[in-house]
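The values are calculated or read from the model by the stated rules, or taken from the named source; none is laboratory data. Since this is a predicted model, take the numbers as computed values, not measurements. Note that each Cβ is placed from the backbone with ideal geometry, even for glycine, and that neighbours are counted across all protein chains shown. For the accessible areas, the whole protein counts, side chains as well, though only heavy atoms, and no ligand, DNA or RNA atoms are used. Shrake-Rupley method; radii C 1.70, N 1.55, O 1.52, S 1.80 Å.
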Amino acid sequence: MFQRDYFMRMIEQMTEAVGQIMNLRRERKHEEALLFIDELLDKRFRLSSKLIRSLSDEDLMRMMTTNGVLETDHMQAIAILMKQEAELSSDLGREDESFFAYVKALHLFLRLSLVDAEPTIVEPRGQIMELLERLLPYELPLPTKRLLMEWHEAEGRYDLVENVMHELLGDNALSKAAAEDIYRRMLLQQDERLAAGGLPREEIEQALQSL
């Protein structure tokens, strides 16, 4: 009962906070909205947006883990606020800051999806698709591509796994041995699942031979 009440309060508070940020954005009070996000992060999580940007998503996950349990609701809240910060920075023409905040939000939502986190505030997969759309004009960092490849594989989108794999191979950021391991993991799947994922068994076997 206590946990349910806690989650409900968290959802209400985040909904209210996002509404306040959006109102400030409509009123063109972007700097005030960014300050509000920083104050909220500091008050609720003892973190600033500057610190969050400087930490890797792995470090953030460690900070959000208590007694071996990942506090996924906290991670969702931080990811939502990072996305809001990215949109505000974009409005202000601060493309670098916007890009890094979008990427940070994407990483957190990818991590949440990979651990199959319950969508207590938002649905991570929907957020991921929206963020990928926003980031289409940009070249994603190599760590983001690797994480995205892992997520596509977990989701069974094998054709997209292969697309990212080719990008990483072209960037010399993935070894042929690692690519072979990925293809061999795919071959462990049922034919129907491979076909549904856009990469039939025959194509995987051909790709393995070409490697």
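A few notes on this one:
- Residue match in the stretch 89-105 (condition: of a type in the set (Val, Ile, Thr), at negative phi, at pLDDT 95 or above and under 13 Å from the mean Cα position of the chain (by Cα)): yes
- Elements of type helices (runs of 4 or more DSSP H) contained in the stretch 1-113, each with 3 or more residues being of a type outside the set (A, V, I, L, M) and surrounded by fewer than 14 Cβ atoms within 10 Å (Cβ to Cβ): 2-26, 30-45, 57-63
- Residues located in the stretch 130-147, provided they are loosely packed, with under 13 Cβ neighbours inside 10 Å and within 22 Å of Ile182 (Cβ to Cβ): Glu139
- Scoring Val161 on the criteria (1) hydrophobic (A, V, I, L, M, F, W, C); (2) surrounded by fewer than 22 Cβ atoms within 10 Å (Cβ to Cβ); (3) free of Cβ contacts under 8 Å to residues at least 40 places away in the same chain leaves a single failure, condition (2).
- Unmet requirement for Leu140, which otherwise passes all of (1) part of a helix (DSSP H, G or I); (2) out of contact with any Gly (no Cβ under 9 Å at 6 or more places or on another chain); (3) under 30 Å from Glu85 (Cβ atoms): (1)
- Breaking point among (1) β-branched (Val, Ile, Thr); (2) assigned to a helix (DSSP H, G or I); (3) within 23 Å of Gln76 (Cβ to Cβ), for Ile204: (3)
- Per-region count, the stretch 171-199, residues of a type outside the set (A, V, I, L, M, F, W, C), open to solvent by less than 40 Å² (accessible area, probe 1.4 Å) and not in a helix (DSSP H, G or I): 2
- Among (1) without any contact (Cβ under 8 Å) to a residue 24 or more places away in the chain; (2) farther than 23 Å from Gln76 by Cβ - the single one Leu211 does not satisfy: (1)
- Flag for Met14 being at pLDDT 90 or above, aliphatic (A, V, I, L, M) and on the phi < 0 side of the Ramachandran plot: no
- Checking Arg62 against (1) on the phi > 0 side of the Ramachandran plot; (2) among the basic types (Lys, Arg); (3) under 18 Å from the mean Cα position of the chain (by Cα), the condition it does not meet: (1)
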